[in-house]
Each structure stands twice: as structure tokens, then as C-alpha cells.
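The values are calculated or read from the model by the stated rules, or taken from the named source; none is laboratory data. Every value quoted in this text rests on a predicted model; they were computed, and no experiment measured them. Note that we place each Cβ from the backbone using ideal geometry, even for glycine, and neighbour counts take in every protein chain shown.
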Amino acid sequence: MELTLTTLALLIPPFLLIEGFFSGSEIALLSADKLTLKARAGQGSQRAKLALELANHPERILSSTLLMTSLCVISISSLISLYVHKIGSRHADLIAIAITSPLVVLLGELIPKTIYQKYATKLAPWVAPAVQSIFWIFYPVTRILSGYTSRLSRLLGPIEELLTGKRQGMREEIRQLLSYSRKESEIKSSERKMIKRIFDFKDTEAKHALIPLIKVEAIAEASTIAEALERFKSHRHSRMPVFSGRIDNIVGVLEISDLFLAADTTQTIRAHITPAHYVAETQSLEDLLQEMRIEESEMVVVVDEYGGAVGVLTFEDIVEEIVGEISDEHDTDVNTHKQMGENSWLVQAKMEILQINEDLKLELPEGEYETLGGFLLQQFGRIPELADDLYFNTPAGSLKFTVRKASDRQIELVLIELTPSPSRDDRDGHEATPKD
């Protein structure tokens, strides 16, 4: 077939459309909201299920789309180059590049990606079958490309972040600003604490926010409605997890509102139990919050790798990870610390380090813990006993911590005594070394 301008005009648009389709498909599958796809997959959508599977294997997406877009770009470039050489131009190669580049970059890449990214979650289920088909049709080639993509990901970071332009480094920059502002007193401790929680939220796993089983008020599956109502009355909860046999075998959740209309309170609660919503202890709170919103769950059961329950999480517990403790109509207002002398305080071990530093000006260091109890457990290296004490230096002065109340599982009350530094104005903000 003779390569004329008409032939060129007929052949190039299909290649541009194919290139644009796969360029857009790449960004749509990588940018789509996984929780929405998961919800649609749960409702029976096979397309959404396939899109979710691909989104969890970005190397498959990239290998398939890279192969197809490359073939299209090569085809377009070859056609234009052949035509320009045919007409005998002196600068054929330069002219071919000048024509090809705007076509493949603008029409084949930028415009499709902009459109597909805007409607990523809607389009992802529809483009997934084509991307999956290419992956298997050209499997030997796509398998090799997937291997290179995986290696690139290990070197440069997650593929979806590289291709969608997400900047994870921004968080570290803001954390550094928070650290600087702490020294300069530009941001209040409470404000800094909330900002820190917001930026830590995405990386916080369920196991770090759950209510452990030891503190969970649960009810046995074999309990009667009358017994359940009495438990609700005495513990002042609106819902409780239900266990079968052992406390770590939580089978559901019981709402007090479901028992009000029960005609026979001698019957067991089994008919009123809502099946438990199980989540992995390693699931991020950000994903879990969206999942609970979509599933309309008020309480979830957190399980470990063996399937045993390790605790529960409510919507309120997750929100508290950002805004701090929320008091509801059933909470009692208990002071977390009490002034005992000019420079001594009786402090509950659950009081947060940031709050201690704000209220008592003790300048305790921040670390892989949130509460005074966590700080002391790290310093002692064990669960301390009653009357155990510890000395620790901070820029505020020398601190003596004495355990005033503890169980065999946790610290409850601590007496803190401060011997101020000779000059409390001369502070460099560095952590001191604890005394033996």
C-alpha cells in the first residue's frame, strides 16, 4: 500500500487512541480509590474486583500499558518518518520528530491522563479487563517488564506514588518544621500534637489504637436478654462485643437498642447479635476509617495473624487518634494529674507526654510511645513494681519518678518530683541520660 497523506491520516488516529487509552488506564488504575473498589467488589462487581486486583499489583499495570504505548509510539514515529523521507525533505528526521512529539505527548499522554485521573474510580473497572488481557496475551514480555518494574520500585519507592505524583517526603518536612517550632515556641503543644497525629494517621496501624481485650467489656453469647440489659445498665455502654467460649473468640456485636422491644427477656441474645466485622491488626487507620464509613460499622474486631481477637475499635477510637480523647455522655471527668507540692505531681500513667509537657513544663522527650506509662516502660525495660523509682534528666531539671500504683500488667499512678535546673532559661532541648 502506498503511503500517502490520506493513508497517514487514516492510520495515525487509531494508534493515538490506543496510546491514549492505555496511558489513561495506567493512571486510572493507580489513582482509583481502593476502598470504593473493594465495596463494589463486595457487591458482586467482577470488573471492580479485577481493578482492585490490578491496583494491588501495579507492576502488572505498568508492564501492560508500557508495552502498548511503546508499540503505538513506535508505529506513529515510523509512519511519519517514512512519509517525510518519501517526500524527500532535507531535514526529514528533524521534521519527523517535530511532528511526532506533540502528537504522542499531548494527545497520547497528557490529555488522556488528565481526563482518566479525574474520573479514576469510575473508569478503573471498565479499563481493567483490557489491561489484564494485554498482560496475559503478551505474558513473556510483560513478565520481564514486571520484573524490571519491581526492581525499580524497590530502588525509588512505590510505583503508584512515582506515577501519580504523591509526595511522601512532605510529611517529613512538616515534622521537621514542628520540631523547630517546638524549640521556638511558635506552635502550642496541643496544636503540635494534633498536627503530628494527622500526619501519623496514615501510618498508624489498628493495633496501636485498639482497646485491648483485657479492657473490653464483653458479653457471652449464651447470656439472656435480661442479663445483657443488666450488663448494659451497669457498664453504661450502648453496644458490646459478644464472645463464644473464650474472650478472644468474638463472634458479633450487641446493640442495646435491639433489646428494648424483646418480649421475652429469658431468651438468649443470639437472635439479636450483629455479625462481627473483622479487620487485621496491621490495617492502617486511614483505610479502616473509610471502610467503616462504607460498611456503616460502629465497632470492628481486630484480629492477629492467627485469627484470634486482640481488641476492638470503634469509630470514636479512630477519631480520637487525631483530635485526642472525646468525652461522651457516659464518660466521667477524671483529672489526669494532681499537684502535690511546689514541684511534685501525682500523675496517671495514661496521661500523654505532650500533655505533661504542656501542663507541667517537664520537657520529657517524645519517642515511640504516647503516654507516661509508655515512657516509663521503655526506661525501666520491664513492668515496674510498687515503689520502684527512676531518675531522669531533662532541660527542666532532674526528675524522680516513683510508681505509686501498678498491677502485674501496667503502671497506673506515678509520683513525679522535680529538682529544677540552676538556670531553666538555658535549655538546648536535648534529652538527658537517665540515672541508674
>> Based on this model, can you work out whether Ile27 counts as in contact with a helix residue (DSSP H, G or I) (Cβ under 7 Å, 6 or more places away or on another chain), β-branched (Val, Ile, Thr), over 23 Å from Asp287 (Cα atoms) and touching a residue at least 24 places away in the same chain (Cβ under 8 Å)?
In response: no
Gly88 meets each of (1) modelled with pLDDT of 85 or more; (2) outside any helix (DSSP H, G or I) with one exception, condition (1)
Item to complete: Output yes when any residue across the stretch 39-48 is buried (at least 19 other Cβ atoms within 10 Å of the Cβ) and within 15 Å of Leu103 (Cβ to Cβ), and no when none is.
Response: no
All-but-one check, Leu372 against (1) over 19 Å from Ala209 (Cβ atoms); (2) in contact (Cβ under 8 Å) with a residue 40 or more places away in the chain, failing number (1)
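So that you can scan it fast, the table gives a plain yes or no per residue for (1) closer than 18 Å to Tyr116 by Cβ; (2) among the β-branched types (Val, Ile, Thr):
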position: Ile27; (1), (2): yes, yes
position: Ser31; (1), (2): yes, no
position: Gly42; (1), (2): no, no
position: Glu53; (1), (2): no, no
position: Asn56; (1), (2): no, no
position: Glu59; (1), (2): no, no
position: Thr69; (1), (2): yes, yes
Filtering the stretch 54-91 for residues that are in contact (Cβ under 8 Å) with a residue 40 or more places away in the chain and within 46 Å of the chain's Cα centre (by Cα) leaves a count of 18
Requiring at least 2 residues that are at pLDDT 60 or above, the helices (runs of 4 or more DSSP H) wholly within the stretch 106-211 are 111-118, 120-137, 139-156, 189-201
Taking the stretch 347-396 and the residues there that are closer than 14 Å to Val414 by Cβ and among the β-branched types (Val, Ile, Thr), the one that is surrounded by the most Cβ atoms within 10 Å (Cβ to Cβ) would be Val347
Filter the stretch 119-148 for residues that are more than 30 Å from the chain's Cα centre (by Cα) and among the hydroxyl-bearing types (Ser, Thr, Tyr); the one that is farthest from Glu26 (Cα to Cα) is Tyr139
Residue hits (the stretch 239-268; touching an Asp or Glu at 6+ places or on another chain (Cβ under 7 Å) and surrounded by 15 or more Cβ atoms within 10 Å (Cβ to Cβ)) are Arg239, Met240, Val242, Phe243, Val251
